[in-house]
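The values are calculated or read from the model by the stated rules, or taken from the named source; none is laboratory data. Keep in mind that what you see is a predicted model, and the values were worked out from it rather than measured. Note: ideal-geometry Cβ built from the backbone for every residue, glycine included; neighbour counts use all protein chains shown.
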Amino acid sequence: MSQDPVWWREDFPRECGVYLFRDAQGQVLYVGKARVLRERLRSYRNGGDGRILVRFLTEAARTVEAIVTRTEQEALLLEDSLVKTHKPPHNVRLKDDKSFLMLRLDPTERFPRFRYLRQHSRRKADSSRARLFGPFVSSKAVRATLAELQRLVPMRDCPDSVLLHRTRPCIKHQIGLCSAPCTGEIDEAGYRALVDRAVRILTGESRELLQELDARMREASARMDYERAAWWRDRLAFLRATAERQAVVARDAVARDVIAMARDGERALVHRLAFRGGSLAESRSHAFRSQLDDAELLHGVLTALYSGGRLELPAELLLPLEPADPESLAPLFLGQTELRYPEGGERGRMLELAFENARAALARDAQSGERTERELDALAKLAGLDAPPEVIDCFDISNFQGAHVVASRVRMRGGVLDRSGYRRFKVRGVHGQDDFASMREVVARALRRGSEQDDLPDLIVIDGGAAQLAKALEARDEHSAWGVAFLGLAKARAERGRKAAVEERVFLPEAVEPIVLARHDPARSILERIRDEAHRFAIQYHRKERGQLRSRLDSIPGVGPVRRKALLRAFGSVKGVAEAGEDAIAAVDGIGRDLAKVIWGSLRKE
């Protein structure tokens with residue numbers, strides 16, 4: 001028989017209560033509760049039941065303190081209190097995931113509009129009559145929902161500073177995306193009706209509106225007004241898409257919580273989906289570190305979530321596995337909640353959905369940190385965004401003396417470079433060296449593709465100053481991508497006689513002067529990272545293209561680096577040289593009639 005651990009005693013009580021594992025210095029390592037303390041601690045001593053096998057107990061624990069309580073409910077409350085007091089390293093201490101966004105609507109405003117709100121900032125909205133909708137997994141989901149909602153209920157999205165100072169409606173009113181309360185195109189009663197309709201849609205009460213739109217579509221079709229029928233059909237599709245984004249629909253109306261867990265060594269993340277009234281009412285993640293096994297960890301998670309009335313008790317709780325010592329959890333749920341472990345069917349689908357969310361959130365958590373959060377918060381403040389941008393794109397132009405202009409787009413997701421979003425562009429519609437026109441073409445192409453694929457970023461960073469930014473904004477207006485924020489980033493020019501300046505200047509739309517970022521500004525750090533990566537990616541692509549150019553010109557006898565540069569400077573590209581003709585080639589300095597004939601003949605042959 002193996003030797004007992006140093007902390008084991010034969011006189012552990014047989015009553016219910018709480019136990020504390022301590023190390024040699026007396027620090028609390030772990031706090032737990034049990035219906036029968038002696039039997040619970042015996043399972044730790046044996047360590048071979050396939051459920052409780054915790055390395056830290058055999059390596060670091062030296063003593064165990066047992067506290068007897070009169071009831072299991074008292075043990076539950078005492079465990080929660082001791083965890084808060086001692087903050088043991090191996091207990092579950094939940095930290096809310098802050099990546100989820102909500103929509104906030106304040107009905108006390110004269111003309112309400114939707115605003116972004118972080119879940120951890122909900123207290124800011126609770127002091128007023130503001131209503132919250134969500135949460136949404138990403139800012140992309142929020143933007144898509146609002147875009148479709150505006151097609152149905154054209155509420156304003158401009159800030160009060162714009163609303164109060166406009167003298168004529170903006171372009172969004174002209175294309176039916178805003179009712180223009182700023183200029184009196186709609187009165188307060190009419191606008192309030194739009195707000196009420198938007199609230200009904202976001203709260204899932206869209207059945208009557210679906211029926212109304214369907215009836216109008218059929219009525220227009222019966223009158224053979226097919227253009228109007230198509231218009232109502234599109235609005236019907238927008239409404240269905242909005243409802244699908246806002247809620248995951250269940251077939252029943254059972255109050256149900258679904259909990260799944262993803263792990264990577266000591267790093268663990270638990271995701272909870274709350275279904276109320278047949279719709280997904282809440283989606284939240286909690287990340288922590290623990291050496292506990294899955295069953296023991298799940299036991300601690302349930303205790304932390306539902307003790308002390310923190311959460312509304314559901315009628316049904318779906319779990320991926322049976323928690324350790326499930327009998328001791330009975331007082332936690334007061335006989336109101338049934339624990340189930342589905343393997344298929346609709347409940348299994350819900351559990352799989354929660355697991356996918358947990359796995360995705362764990363991957364995000366591994367790549368993010370406090371520094372990234374500070375950087376994104378600072379960047380959102382700088383760019384005037386309501387929430388930190390989740391997806392950021394940066395564009396850079398690269399050319400060689402005006403020949404073969406190329407561009408790059410790199411992408412950040414959650415503050416981390418996302419190589420799946422990198423793109424390369426060959427500039428085709430601009431002749432010669434015109435970085436401004438090239439920027440407009442590339443951004444326009446990216447926005448067009450992003451709109452078609454529902455893949456627009458939250459923020460676009462332009463490598464350049466006011467002129468480049470202006471061209472990018474023209475591309476934005478051309479493709480109606482007003483939901484995408486823009487800024488330009490450029491290094492300050494050095495004054496004559498001084499060393500090169502290292503200040504970074506940020507150019508914002510409609511701003512008169514650029515903003516100079518301090519060296520230690522968090523926003524500067526993330527902007528420089530994505531700009532430098534875009535520059536590197538563009539240079540890498542251009543070097544590849546230049547290598548191909550050299551192989552075509554340098555392979556011609558008598559053409560070296562000097563003559564190659566002269567030809568490219570004169571005609572812009574190898575194609576331009578081939579189309580120029582012998583006489584034009586011969587007129588270039590250093591070429592001559594004989595060599596021009598050789599060059600033209602070689603390129604035409606290729």
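Things worth noting here:
Per-residue answers, yes or no, for (1) farther than 16 Å from Met261 by Cβ; (2) touching a strand residue (DSSP E or B) at 6+ places or on another chain (Cβ under 6 Å); (3) in the same structural domain as Arg115 (by TED's automatic domain parsing):
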residue: Leu298; (1), (2), (3): no, no, no
residue: Ala304; (1), (2), (3): no, no, no
residue: Gly309; (1), (2), (3): yes, no, no
residue: Gly344; (1), (2), (3): yes, no, no
residue: Leu353; (1), (2), (3): no, no, no
residue: Ala361; (1), (2), (3): no, yes, no
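- Taking the criterion of being among the polar types (S, T, N, Q) and in a helix (DSSP H, G or I), the residues of segment 142-191 that qualify are Thr145, Gln150, Ser161, Gln174, Thr183.
- Sole exception among (1) surrounded by 19 or more Cβ atoms within 10 Å (Cβ to Cβ); (2) at pLDDT 85 or above; (3) over 27 Å from the mean Cα position of the chain (by Cα) for His90, by number: (2)
- The listed residue being surrounded by fewer than 24 Cβ atoms within 10 Å (Cβ to Cβ), over 16 Å from the mean Cα position of the chain (by Cα), modelled with pLDDT under 90 and not hydrophobic (A, V, I, L, M, F, W, C), out of Arg440, Arg424, Arg419, Arg374: Arg424
- Filtered residue count, segment 140-157, keeping only those that are closer than 26 Å to Arg413 by Cα and at pLDDT 85 or above: 1
- The condition of being of a type outside the set (Gly, Ala, Ser) and in contact (Cβ under 8 Å) with a residue 24 or more places away in the chain holds for Leu329.
- Residue list for segment 258-273, filter: over 14 Å from Ala358 (Cα atoms) and either touching a Phe, Trp or Tyr at 6+ places or on another chain (Cβ under 9 Å) or in contact (Cβ under 8 Å) with a residue 24 or more places away in the chain (or both): Glu266
- Among the residues of segment 511-520, those identified as outside any strand (DSSP E or B) and at pLDDT 85 or above are Ala511, Val512, Glu513, Pro514.
- Residue that is farthest from Glu510 (Cα to Cα) [pool: residues in segment 438-460 that are among the polar types (S, T, N, Q) and part of a helix (DSSP H, G or I)]: Ser451
- Glu352 vs. criteria assigned to a helix (DSSP H, G or I), surrounded by 15 or more Cβ atoms within 10 Å (Cβ to Cβ) and among the charged types (D, E, K, R): yes
- Single unsatisfied condition, Ser279 versus (1) at pLDDT 80 or above; (2) of a type in the set (Gly, Ala, Ser); (3) surrounded by fewer than 22 Cβ atoms within 10 Å (Cβ to Cβ); (4) farther than 20 Å from Phe333 by Cβ: (1)
- Residue list for segment 461-486, restricted to those being closer than 25 Å to His173 by Cα and not in a helix (DSSP H, G or I): His479, Ser480, Ala481, Trp482, Gly483, Val484, Ala485, Phe486
- Filter result for the condition that a residue is more than 16 Å from Ala75 (Cβ to Cβ), crowded, with 18+ Cβ neighbours inside 10 Å, of a type outside the set (A, V, I, L, M, F, W, C) and out of contact with any Ser or Thr (no Cβ under 9 Å at 6 or more places or on another chain), over Arg310, Arg289, Arg284: Arg284
- Assessment of segment 132-139 against the conditions (within 27 Å of Asp187 (Cα to Cα), at pLDDT 80 or above and touching a Leu at 6+ places or on another chain (Cβ under 6 Å)) yields no matching residue.
- Test: residue in segment 490-504 that is modelled with pLDDT of 90 or more, of a type in the set (Val, Ile, Thr) and surrounded by fewer than 15 Cβ atoms within 10 Å (Cβ to Cβ): no
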